[in-house]
1. Hey, what angle do you get for helix 21-32 against the long axis of the chain, alpha-carbon based, 0 to 90 degrees rounded to 10?
2. Please get the size of the charge dipole for the chain, origin at its Cα centre, with Cβ charges of +1 on Lys and Arg and -1 on Asp and Glu, quoted in debye to the nearest 20.
3. How much length is gained if the chain between T99 and D57 is pulled fully straight, taking 0.36 nm per residue apart and subtracting their Cα-Cα distance, in nm to one decimal?
4. Alpha carbons only, please: Rg and Dmax for the chain, in angstrom.
5. Arrange K79, K49 by Cβ neighbour counts within 10 Å, fewest through most, would you?
6. Using the basic label-point model (7 angstrom from Cα toward the beta carbon), what is the N70 to K47 distance in nanometres?
7. Name the residue farthest towards the positive end of the dipole of the chain from the options T53, T83, F17, assuming +1 on Cβ of Lys and Arg, -1 on Cβ of Asp and Glu, about the Cα centre.
8. Loop-only check: which GluC sites (Glu not before Pro) in segment 1-78 are DSSP coil with at most 13 other Cβ within 10 angstrom?
Amino acid sequence: MNIYTFKYSGGETDWIFAPNIKEAKDFYLNFTGCGDLIGTEVKRLPKSKWNETYLLDPSESEPDEEEDYNEEDYFCGLKIIETFAEYAERNTVTDIIATTEY
């Protein structure tokens, strides 16, 4: 399985977990209801980046500096759920992993 990045010119990004780029594109078009991928850059995310790319919880922000917490549990001000590598270890089907649009 691979992870594919779908990046729009407006800056939004989606990540799809799929065995190949064709299945990733087909799944993405069906999932989002988009008619085409014009203006979308689609690339395979190298496995070397999977441990440094995170699924984040948008409902849990980093606490105030006055509170005692582990800063390594947060990225870009949001709580880390898991790395893409951890996600890939336990999943076997094509799916959307994450999006910057929420």
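1. With rounding to tens, the tilt is 70 degrees.
2. The dipole of the chain has a size of about 1160 debye.
3. That pair, T99 and D57, stretches by 14.0 nm at full extension.
4. Looking at the chain, its Cα Rg and Dmax stand at 15.0, 48 Å.
5. Result, fewest neighbours first: K49, K79.
6. Each label point lies 7 Å from its Cα, and together they span 2.7 nm.
7. F17
8. Passing both the DSSP loop test and the Cβ count: E12, E65, E66, E67.
Each value in this text was obtained by applying a stated rule to the coordinates, not by laboratory testing. All values reported here derive from a predicted model rather than from experimental measurement. Note that we place each Cβ from the backbone using ideal geometry, even for glycine, and neighbour counts take in every protein chain shown.
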